[in-house]
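K.L.:
Take this structure, written in structure tokens, and hold onto it; I'll ask about it next.
The values are calculated or read from the model by the stated rules, or taken from the named source; none is laboratory data. None of these values were measured; they are calculated from a predicted model. In this analysis, Cβ positions are derived from the backbone assuming ideal geometry, glycine residues included, and neighbour counts consider all displayed protein chains. For the accessible areas, the whole protein counts, side chains as well, though only heavy atoms, and no ligand, DNA or RNA atoms are used. Shrake-Rupley method; radii C 1.70, N 1.55, O 1.52, S 1.80 Å.
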Amino acid sequence: MKKKIIPRSWAEPYRMKMVELLKTTTRAQRVNAIKKAGYNTFLLPSEDVYIDLLTDSGTNAMSDRQWSAMMLGDEAYAGSKSFERMEKAIRKFYGYKYIIPTHQGRGAENLLSQILIKKGQYVPGNMYFTTTRLHQELAGGIFADVIIDEAHDPKNLHPFKGNVDINKLDALVKKHGADKIAYITVATNVNMAGGQPVSMANLRELRTYTLQHGIKVIHDMTRVAENAWFIKQREEGYENKTVREIVLEICSLTDGATMSAKKDALVNIGGFMATNDYEVYEEARNLVVVYEGLHTYGGLAGRDMEAIAVGIKESVDDNHQRARVGQVEYLGERMKLYGIPIVEPIGGHGVFIDAKEFLPHVPQGQFPAQTLAAEIFIDSGVRTMERGIVSAGRKPNGENYHPNLELVRFTIPRRVYTQAHMDVVAESAARVFENRKKIKGMVMIYEPKYLRFFQARFEKL
Ligand code: P70
């Protein structure tokens, strides 16, 4: 019988020109390293890591075109040509009018929150993101989660788990009045939900609703092109549109954006704030000099802005997204073969293990996701990130948030690792899964005040 050939349709549309050598370690060395790091993967020296899936942020491999564009960097303090090129790319591929560069995403979140939030106002959003919510709270705002319920259920197969629940938003508006809403944030490919997309239909419905009520839509566009890829795969009427067209359409349904270019835009550092509103722009242009730098560099070198301009263009290429999201899917499918509980549908930037189901005997108060991330590192030197109760932190009144999702994120840097690396990762997760019953939880012995997950320390029970 003839064997059917299954096409590896996600194969990479690039080849390697330079490589970075990796160090391998022994189990004893890893046990020692994670103990020294207070069982927090953020505190591990990267030298001790074999495959680094901590984040897809700033960990991308740049192309030869990006590296050569960097040589054209105009390092003028004011009026840099490189800023003009970045601004031009943002206008062309994302469609926003006014652009303020920032050192990274949270710099843009800070500016925008300070400008648009009045003390006591609500800021609804499709699930929280750590830095975004903190800047909203520091500006006196109150975050309100308006994502659809399906997003909080790791097993629900809704194709657009990032969608905004317009009824939840409407209830908030009815309760407090539209003037108590600073704006709504819509993140594309919602990170904390597991890299889950928003549909165009939902964005359109939201646009109609917010226009009726005079509420601005601010787009966290950190992973917008990955979202566009899912729309192309899953939403009727978009199968023949390009990622580039879909990205432009998404942005056109919003009033402004914050961007961490370290993800989608394929660079190692950078971000920006964008707005279509001249008054907001004017205020941001004033404020940026206080926190970031002049409005034509915002904390970035000219060469960084050159790399962003080229990276944006490469990120909206269909073949790039096919390989990018395809690799993530490959890892997720491998984990499923081993019976490992992961968030489904598989997301755009990583695979998220459901630590509650993986370690049902470890209560949330003993940090199951933090524990699991440490165990995976000990097993193979693969570094992942906790996205559960430690990341969620405390409310302004001091109480712990108790997120429904208690996840370990295996985030895939763009254009960096191979399929064989993905196999190593899945096999390691499978080995830890086999031995899961022996794993004990942890106690937190040091808790920083802000964004505690970065520097918190733990001990094994
Ligand atoms: C990650 C990174 C950054 C990020 C994001 C979304 C949807 C804004 C930002 C901020 C880095 C990170 C940040 C906090 C905790 C852990 C990791 N996400 N919006 O790994 O952008 O980092 O450039 O200031 O995902 O998910 P920036």
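K.L.:
Residue by residue through segment 40-48, which ³J(HN,Hα) values in whole Hz follow from phi under the Karplus form 6.51 cos²θ - 1.76 cosθ + 1.60 (θ = phi - 60°), with glycine and proline marked x?
P.N.:
Once θ is set to phi - 60°, the couplings for segment 40-48 become 10, 5, 5, 9, 7, x, 5, 4, 8 Hz.
K.L.:
For Lys175 and Leu72 in the same chain, what is the full-extension length gain: residue separation times 0.36 nm, less their Cα-Cα distance, in nm?
P.N.:
Extra length from Lys175 to Leu72 when fully extended: 31.7 nm.
K.L.:
Still on this model: Sequence neighbours fewer than 8 away in the same chain don't count; with that in mind, list the aspartates and glutamates whose C-alpha is under 19 Å from Lys88.
P.N.:
Counting by Cα, and skipping residues close in sequence, Lys88 has these aspartates and glutamates nearby: Asp74, Glu75, Glu245, Glu249, Asp255, Asp264, Asp277, Glu282, Asp304, Glu306, Glu314, Asp317.
K.L.:
Then there is this: To check you understand DSSP bridge types, tell me what percent of the beta bridges within the chain (both residues inside) are antiparallel, rounded to 5.
P.N.:
So the antiparallel bridges amount to about 65 percent of the total.
K.L.:
Using a 1.4 angstrom probe on heavy atoms only, work out the carbon and sulfur share of the accessible area of segment 151-252 in %. Can you show the working numbers first?
P.N.:
On the way: 1930 of 3850 Å².
Ligands and nucleic acids excluded, carbon and sulfur give 50 percent.
K.L.:
With the other protein chains left in place, how much accessible area per residue, in square angstrom, belongs to the chain at a 1.4 angstrom probe?
P.N.:
Value for the chain: 43 Å² per residue.
K.L.:
What is the count of Lys pairs in segment 123-276 whose alpha carbons sit under 23 Å apart, if the two are 8 or more places apart or on different chains?
P.N.:
For segment 123-276, the number of qualifying lysine pairs is 14.
K.L.:
Can you give me the long-range amide H partners of Asp220? Hydrogens built in the peptide plane at 1.01 Å from N, cutoff under 5 Å, separation of 5 or more residues or another chain.
P.N.:
Residues meeting the criterion, in which the H sits 1.01 Å from N, are Val186, Ala187, Thr188, Thr258.
K.L.:
To continue, here is another question. Treating the beta-carbon of each Lys and Arg as +1 and of each Asp and Glu as -1, no other charges, what is the dipole magnitude of segment 122-201 about its Cα centre, to the nearest 20 debye?
P.N.:
Using Cβ point charges on Lys, Arg, Asp and Glu, segment 122-201 gives about 60 debye.
K.L.:
So, one more: Which ³J(HN,Hα) values in Hz, rounded to whole numbers, follow from the phi angles of segment 267-276 under the Karplus curve 6.51 cos²θ - 1.76 cosθ + 1.60, where θ = phi - 60° and Gly and Pro get x?
P.N.:
Whole-Hz 3J(HN,Hα) from phi for segment 267-276: 10, 9, 7, x, x, 6, 10, 10, 8, 9.
K.L.:
Sticking with this one: Say the dipole of segment 133-257 comes from +1 at the beta carbon of Lys and Arg and -1 at that of Asp and Glu; which of Ala257, Ala171, Phe160 then lies farthest toward its positive end?
P.N.:
Among Ala257, Ala171, Phe160, the one farthest towards the positive end of the dipole of segment 133-257 is Ala257.
K.L.:
Then there's this: Run the numbers on segment 308-461 and let me know its relative contact order in percent, using alpha-carbon pairs under 8 Å that are six or more apart.
P.N.:
Answer for segment 308-461 is 23 percent.
K.L.:
Something else now. Which loop-located GluC sites (Glu not before Pro) does segment 227-257 contain, where loop means any DSSP state but H, G, I, E or B and the Cβ has at most 10 other Cβ atoms within 10 Å?
P.N.:
Glu236, Glu239
K.L.:
If you don't mind, there's one more thing I want to ask. Enumerate the lysines that Lys460 could reach by cross-link, defined here as Cα to Cα under 19 Å, with residues fewer than 8 away along the same chain left out.
P.N.:
By straight Cα distance, Lys460 reaches Lys35, Lys36, Lys356, Lys437, Lys438, Lys440.
K.L.:
Can you tell me the dipole magnitude for segment 184-286 around its Cα centre, using point charges on the Cβ only (Lys, Arg +1; Asp, Glu -1), in Debye to the nearest 20?
P.N.:
280
K.L.:
May I pose another question? Given a Förster distance of 22 Å, report the FRET efficiency between Lys36 and Leu451 from their Cβ-Cβ distance, rounded to the nearest 0.05.
P.N.:
That pair, Lys36 with Leu451, gives E of 0.55.
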